[in-house]
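K.L.:
Please read through the structure below; I'll follow up with questions.
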Ligand code: GRF
């Protein structure tokens with residue numbers, strides 16, 4: 001059984017996709033051990049609590065270095081894989097060494113383009129539209145010290161339509177994010 005921790009900061013639709021896949025036996029070898037949120041108000045916490053999944057908040061307000069506290073929790077809970085799903089924090093330090101090739105992230109663009117510092121949420125889709133790209137998508141990649149620079153595991157593409165707004169593009173990409181994340185977890189839990 002692959003015991004995972006899901007790190008969240010917001011609405012948690014990616015978390016919900018994983019929860020649904022586990023509940024419907026699409027991921028029979030994945031167990032969601034815990035959800036860690038950077039924000040106490042994240043709706044993702046409610047999604048987890050509804051399914052009796054252990055939740056913890058690790059925010060910058062509480063901890064000078066959230067990464068160290070997260071690492072402590074991962075070890076205490078014997079977590080094998082960490083999934084960043086809409087997580088807005090930046091992991092650094094020992095956690096990246098101890099969990100090398102055991103932290104994955106879902107990014108809402110076709111890396112290596114449109115990644116790096118500041119490239120999150122609507123900023124990504126704005127940049128894609130402003131660059132007049134005809135194709136966008138999402139990338140699941142390993143997390144390293146180089147933000148959004150880790151080895152890409154899987155990408156899924158969507159068309160960018162002439163009248164797209166960042167919102168309409170984000171919605172199209174998000175659907176593929178959910179599919180990509182479950183597909184990668186299936187592969188990693190074999
Ligand atoms: C999504 O836009 C996704 O691109 C990125 O984080 C955002 C929120 O995801 N990974 P979620 O709905 O909180 O899972």
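K.L.:
Pairs needed: first member in the stretch 71-89, in contact (Cβ under 8 Å) with a residue 12 or more places away in the chain; second member anywhere, assigned to a helix (DSSP H, G or I) and away from the ligand (no atom under 16 Å from the Cβ); C-beta distance under 6 Å; at least 6 residues apart or different chains.
P.N.:
71/94; 71/95; 89/66
K.L.:
May I pose another question? Checking residue 140 against (1) within 19 Å of residue 9 (Cβ to Cβ); (2) within 15 Å of the chain's Cα centre (by Cα); (3) surrounded by fewer than 21 Cβ atoms within 10 Å (Cβ to Cβ); (4) modelled with pLDDT of 95 or more: exactly one of these is not met. Which one?
P.N.:
Single failed check for residue 140: (3).
K.L.:
Taking the stretch 92-108, which residues are surrounded by 22 or more Cβ atoms within 10 Å (Cβ to Cβ) and touching a helix residue (DSSP H, G or I) at 6+ places or on another chain (Cβ under 6 Å)?
P.N.:
95, 106, 108
K.L.:
Going through the stretch 90-110 one residue at a time, which ones are over 17 Å from residue 185 (Cα atoms) and more than 12 Å from the ligand (Cβ to nearest atom)?
P.N.:
Hits for the stretch 90-110 are 90, 91, 92, 93, 94, 95, 96, 97, 98, 110.
K.L.:
Then there's this: Looking at this structure, is residue 95 in contact with a strand residue (DSSP E or B) (Cβ under 7 Å, 6 or more places away or on another chain), at pLDDT 95 or above and within 24 Å of residue 141 (Cβ to Cβ)? Please lay out each step first, then the result.
P.N.:
Details: in contact with a strand residue (DSSP E or B) (Cβ under 7 Å, 6 or more places away or on another chain): no; at pLDDT 95 or above: yes; within 24 Å of residue 141 (Cβ to Cβ): yes.
Taking the combined requirement at face value, the residue does not satisfy it.
K.L.:
Now a separate question. Return only the number of the condition from (1) within 16 Å of the ligand (Cβ to nearest atom); (2) in contact with a helix residue (DSSP H, G or I) (Cβ under 9 Å, 6 or more places away or on another chain) that residue 74 does not satisfy.
P.N.:
(1)
K.L.:
Looking only at residues in the stretch 137-177 that are touching a strand residue (DSSP E or B) at 6+ places or on another chain (Cβ under 9 Å) and in a helix (DSSP H, G or I), which one is farthest from residue 102 (Cα to Cα)?
P.N.:
169
K.L.:
State the number of residues belonging to the stretch 169-190 that are loosely packed, with under 14 Cβ neighbours inside 10 Å and at pLDDT 95 or above.
P.N.:
Residues meeting the conditions: 2.
K.L.:
Looking at the stretch 77-88 only, could you name the residues that are more than 16 Å from the ligand (Cβ to nearest atom) and in a loop (DSSP other than H, G, I, E, B)?
P.N.:
77, 78, 79, 80
K.L.:
Within the stretch 110-136, track down each residue that is in a loop (DSSP other than H, G, I, E, B) and at negative phi.
P.N.:
Of everything in the stretch 110-136, those that are in a loop (DSSP other than H, G, I, E, B) and at negative phi turn out to be 110, 111, 112, 113, 115, 117, 119, 120, 131, 133, 134.
K.L.:
Find the residue count for the stretch 18-33, including only residues that are away from the ligand (no atom under 12 Å from the Cβ), closer than 14 Å to residue 7 by Cβ and touching a helix residue (DSSP H, G or I) at 6+ places or on another chain (Cβ under 7 Å).
P.N.:
Of the residues in that region, 1 qualify.
K.L.:
Related question: Looking only at strands (runs of 3 or more DSSP E) that lie completely in the stretch 1-66, which have at least 2 residues being surrounded by fewer than 20 Cβ atoms within 10 Å (Cβ to Cβ) and in contact (Cβ under 8 Å) with a residue 60 or more places away in the chain?
P.N.:
Fully inside the stretch 1-66 and qualifying: 2-8.
The values are calculated or read from the model by the stated rules, or taken from the named source; none is laboratory data. As the structure is a computational prediction, the values presented were derived from the model and not from experiment. As a convention, Cβ positions derive from the backbone with ideal geometry for all residues, glycine included, and neighbour counts pool all protein chains shown.
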